[in-house]
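*Asks:* One structure, pasted below without further comment.
Throughout, read-outs are computed from the coordinates displayed, never taken from laboratory work. Just so it is clear, the model here is predicted, and its values are computed rather than measured. In this analysis, Cβ positions are derived from the backbone assuming ideal geometry, glycine residues included, and neighbour counts consider all displayed protein chains.
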Amino acid sequence: MANIFEKHIASVKDFPNEGIVFRDITPILQDGKLFQEATHELANYAKKRRADVIVGPEARGFIVGCPVATELGIGFIPARKPHKLPREVERASYDLEYGSNSLEMHKDAIKPGQRVVICDDLLATAGTLRACKQLIENLGGELVGAAFYVELPDLKGREKLPDLDVFSLVQYQGA
């Protein structure tokens with residue numbers, strides 16, 4: 001199954017910065033049946049992890065996570081960039097392979113003890129993932145897994161959270 005997804009991920013060299021190969025999931029999203037199948041694969045993973053809620057980091061995590069939550073009939077919690085949420089927030093900062101940023105969640109977004117799965121488009125250096133984990137734990141949730149369309153194993157993101165169960169549809173070795 002990974003092969004079918006891999007064929008529909010565009011590789012864009014030198015975006016957003018020189019030396020980076022951006023893995024663009026847009027072709028999957030444009031194909032209704034393929035988008036549905038990718039969503040179904042991530043939803044099956046989250047169901048096995050007994051997720052109570054899905055967290056998706058801005059912005060592609062919204063696209064990936066919302067349909068997963070809908071398929072499972074559970075809630076979706078956005079992890080937003082700073083100053084986008086209207087109520088009291090918890091904030092965590094992180095570094096990316098090409099910069100740094102912060103994410104925020106409403107302080108009442110996760111109930112203590114809720115089982116959370118993060119859904120996003122890409123696992124690279126795990127900066128975003130680690131920030132989401134910090135937010136989830138600060139709010140009393142239990143991060144039980146993370147699911148991605150694409151993983152770049154050479155950047156060792158999975159190794160930065162060795163106790164976290166991680167699922168990816170496609171893995172790209174090298175550039």
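*Asks:* Write down the percent of antiparallel bridges among all DSSP beta bridges whose residues are both part of the range 2-171, to the nearest 5.
*Replies:* The answer is about 40 percent antiparallel.
*Asks:* Counting GluC sites (Glu not before Pro) as exposed when in a DSSP loop with at most 11 other beta carbons within 10 Å, what is the longest stretch of the chain free of them?
*Replies:* Looking at the chain, 89-175 is the longest stretch - no exposed GluC sites (Glu not before Pro) with at most 11 other Cβ atoms within 10 Å.
*Asks:* What is the Cα centroid distance between the range 1-56 and the range 124-138, reported in whole angstrom?
*Replies:* Using only Cα atoms to place each centre, the spacing works out to 19 Å.
*Asks:* Obtain the nm distance between the two label points defined at D95 and T26 by a simple spin-label model: each point lies 7 Å from its Cα along the Cα-to-C-beta direction.
*Replies:* Between D95 and T26, the simple spin-label model gives 3.0 nm.
*Asks:* Residue separation times 0.36 nm, minus the C-alpha to C-alpha distance between N138 and Q173: what's the value?
*Replies:* Extra length available between N138 and Q173 comes to 9.3 nm.
*Asks:* Let me ask something else about it. If you count the DSSP beta bridges with both ends in the range 89-175, what percent of them are antiparallel, to the nearest 5?
*Replies:* Taking every DSSP beta bridge with both residues in the range 89-175, the antiparallel ones total about 40 percent.
*Asks:* Let me ask you something else. Using all Cα-Cα distances in the range 56-116, what percent lands in each 5 angstrom bin from 0 up to the longest?
*Replies:* With 5 Å bins starting at 0, P(r) equals 4, 17, 23, 26, 19, 9, 3, 0.
*Asks:* Using each residue's phi in the range 66-72, evaluate 6.51 cos²θ - 1.76 cosθ + 1.60 at θ = phi - 60° and report the 3J(HN,Hα) Karplus result to the nearest Hz, with x for Gly and Pro.
*Replies:* 4, x, 5, 4, 4, 4, 8
*Asks:* Once the convex hull of the C-alpha atoms of the range 2-171 is built, how many Å³ does it hold per residue, rounded to a whole number?
*Replies:* Value for the range 2-171: 108 Å³ per residue.
*Asks:* Starting from the Cα-Cα distance between K7 and H40, subtract it from 0.36 nm times their residue separation and give me the gain in nm to one decimal.
*Replies:* Value of the extension gain: 10.1 nm.
*Asks:* So, one more: Using just the helices of the chain, give the 222 nm mean residue ellipticity in deg cm²/dmol: DSSP H runs with n ≥ 4 each add -39,500 (n - 2.57), and the total is spread over all residues, rounded to 500.
*Replies:* One gets -9000 deg cm²/dmol as the mean residue ellipticity at 222 nm.
*Asks:* Set the Förster distance to 22 Å, then compute FRET efficiency between K33 and E58 from the Cβ-Cβ distance, nearest 0.05.
*Replies:* Between K33 and E58 the formula returns 0.25.
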